[in-house]
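The values are calculated or read from the model by the stated rules, or taken from the named source; none is laboratory data. Quick caveat: nothing in here was measured; it's all calculated off a predicted structure. Here the Cβ positions follow ideal geometry from the backbone for every residue, glycine too, while neighbour counts run over all protein chains shown.
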Amino acid sequence: MSNVEQTLSIIKPDAVERNLDNEIQQLFKDKGFQIIKEKKIQIEKSEAEEFYKVHQTKPFYNDLCSYLSSGPIVVMVIEKENGILANRELMGATNPKDAQEGTIRKKYGISIDKNSVHGSDSPENAKIEINFFFKD
Ligand code: UDP
Ligand code: MG
């Protein structure tokens with residue numbers, strides 16, 4: 001049975017700043033993702049705090065929220081068969097040092113915080129995160 005899923009992808013400030021957004025979008029297309037919605041925005045720190053609230057007890061939370069709101073980002077709804085896991089695989093490990101060859105974070109990630117992309121980690125969170133940025 002088919003299981004086409006939509007997930008939320010964010011091209012983070014470190015990548016947008018280096019003008020990598022088109023190149024990263026092409027990698028998604030090459031992997032068979034359709035980009036259903038996209039917008040380039042800059043969010044307030046308070047919005048980043050809401051978006052990343054699952055991490056609010058973590059030591060990196062404050063820096064993470066400052067960082068995500070520090071410059072323009074590209075938020076996208078992307079779609080593919082088993083797309084949530086497929087996106088996590090294409091992104092690679094959270095720390096670019098641990099990411100496998102061919103993954104976005106291996107190619108473009110600078111450090112564990114400036115790791116170029118975000119992707120939803122479960123069907124439940126994909127729904128919440130898509131709704132967070134695209135409420136229509
Ligand atoms: N992060 C960080 N330091 C850490 C762990 C995570 O700065 O020690 C940042 C990093 O940008 C990561 C984000 O927090 O992408 C969310 O962490 P998570 O564990 O959810 O990783 P992801 O799902 O993005 O791979
Ligand atoms: Mg995560």
Just one of the numbered conditions (1) assigned to a loop (DSSP other than H, G, I, E, B); (2) within 15 Å of ligand 1 (Cβ to nearest atom) is not true of Asn87; which one? (1)
For the range 52-65, which residues satisfy the criterion of being part of a helix (DSSP H, G or I), surrounded by 16 or more Cβ atoms within 10 Å (Cβ to Cβ) and either within 12 Å of ligand 2 (Cβ to nearest atom) or at pLDDT below 95 (or both)? Leu64
Given the conditions (1) of a type outside the set (Val, Ile, Thr); (2) more than 14 Å from ligand 1 (Cβ to nearest atom); (3) crowded, with 20+ Cβ neighbours inside 10 Å; (4) outside any strand (DSSP E or B), every one holds for Lys80 apart from (4)
What about Leu85, is it surrounded by 13 or more Cβ atoms within 10 Å (Cβ to Cβ), closer than 18 Å to Lys127 by Cα and out of contact with any strand residue (DSSP E or B) (no Cβ under 7 Å at 6 or more places or on another chain)? yes
Output for Cβ contacts, cut-off 9 Å, separation at least six or different chains, first residue at positive phi in the range 103-121, second among the aliphatic types (A, V, I, L, M) and crowded, with 19+ Cβ neighbours inside 10 Å, reads Ser116/Ile11; Ser116/Ala15; Ser116/Leu20; Ser116/Ile24; Ser116/Met91; Ser116/Ile104
Answer from Val117, Val75 - the residue that is modelled with pLDDT of 95 or more, among the β-branched types (Val, Ile, Thr), more than 10 Å from ligand 1 (Cβ to nearest atom) and within 19 Å of Leu27 (Cβ to Cβ): Val75
Matching residues in the range 93-114 - criterion: being in a loop (DSSP other than H, G, I, E, B), under 22 Å from Asp30 (Cα atoms), within 14 Å of the chain's Cα centre (by Cα) and among the hydrophobic types (A, V, I, L, M, F, W, C): Ala93
Residue list for the range 17-51, filter: aliphatic (A, V, I, L, M), in contact (Cβ under 8 Å) with a residue 24 or more places away in the chain, in contact with a helix residue (DSSP H, G or I) (Cβ under 9 Å, 6 or more places away or on another chain) and surrounded by 12 or more Cβ atoms within 10 Å (Cβ to Cβ): Leu20, Ile24, Leu27, Ile35, Ile43
